[in-house]
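Written out below as structure tokens is the structure these notes cover.
Just so it is clear, none of the values below were taken in a lab; they were calculated from the coordinates. Just so it is clear, the structure is predicted and the values come from calculations on it, not from any experiment. Backbone-built Cβ (ideal geometry, glycine too); neighbour counts: all protein chains shown.
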Amino acid sequence: MTDFDRMERLPCGALIQHGPGNNRIYLMKTGGNIPPELPAELTALAKTAGYTKIFVKLPSDRREVFIQNGFRIEASVPGLYNGVTDGVFLAYYLSESRTYEPEAAIYGKNMILAFNKKTGKTPALDANRFRLRSCGENDLGRMAEIYRTVFPSYPFPVHDPDYLRTTMNGHVDYFGVETRGKIVALASAEKDDSAANAEMTDFATLPEWRGHGFGSHLLSRMERAMNCQGIKTAYTIARAASPGMNITFCRQGYAFGGRLKNNTNIAGKIESMNVWYKAL
């Protein structure tokens, strides 16, 4: 497991995540009006810490101050904020090497594969063997065990039951596939109720249970749950190197929003990520 990046609230109210794990700053929420000096402050922090990327998620109508400071748009999601205001993902690179994608050809092939399989059918879930359900505190130990098994590294400490408990009691709904009384696959919906959006994330299936379409079934289950809670837009930040997850979201009717270059430390290294989105 990598050393996990930490959350920090800046004096202006902006929420960031940063650290050596992802070797970046991630501006997660602006916290209201954006002071004109915020991009320069983030850049100074990144230079001091030796980070090579700044990653920003914010409403499209607040992007101009970042564009003026050299940030570039890598992805966009229509209606990300309350189904009305578009969202954008911007990047600023402090090292040219961070922009180089040695697996770009693989990412391109995975996108072609995803679109070619868009109309394919996911196998029905065998109700006699498997059960989709919400996860609760009694599942925390098993959940952490699954995440430890599936991910050599991850942007957040999902291998830690205490972290899972904190998020579960906060803004994250977890779902699992159970067989013979044991969970074998997981996913989560990370909600931003103030913006009526949810990130569909944390998909993990134990290796010996892959091939049953659990990701697709979990995604459908989460969409229904989010719709009932008033969430208007679902999105994901999926590994560009993973054909399966990109096929899953494309087949489920998600649209491609762009690729975040060398963005996230997952599965043992920093990888590029694809943004997919869907109006619920």
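Listed by chain and number, the lysines whose C-alpha is less than 29 Å from the C-alpha of residue 232, apart from same-chain residues fewer than 8 away, are 29, 57, 117, 118, 121, 191, 261, 278.
Taking every alpha-carbon pair under 8 Å whose residues sit at least 6 apart, segment 6-99 reaches a relative contact order of 23 percent. Counting only alpha carbon atoms, the long axis of helix 104-116 and the longest principal axis of the chain meet at about 50°. Give the Debye-formula value of log10 I(q)/I(0) at each listed q (0.15, 0.21, 0.24 Å⁻¹), with one equal scatterer per alpha carbon of segment 6-99, two decimals each. Results for segment 6-99 at q = 0.15, 0.21, 0.24 Å⁻¹ read -0.54, -1.06, -1.35. Excluding same-chain neighbours fewer than eight residues apart, the aspartates and glutamates reachable from residue 47 by a Cα-Cα span under 20 Å are 3, 5, 8, 37, 96. Mean separation of Cα pairs under 8 Å and 6 or more residues apart, divided by the residue count, gives the chain a relative contact order of 18 percent. The charge dipole of segment 104-279, taken about its Cα centre with unit charges on the Cβ of Lys, Arg, Asp and Glu (plus for the first two, minus for the last two), comes to roughly 780 debye. The peptide list 159-167, 198-206, 266-274, 30-38, put in order of mean Cβ contacts within 10 Å with the highest first, becomes 198-206, 266-274, 159-167, 30-38. Kirkwood analysis of the Cα pair distances in segment 104-279 returns a hydrodynamic radius of 16.4 Å. For the peptides 185-192, 125-132, 66-73, residues were scored by their other Cβ atoms within 10 Å and the scores averaged per peptide; the highest-first order is 185-192, 66-73, 125-132. From the alpha carbon centroid of segment 99-123 to that of segment 132-175 is 28 Å.
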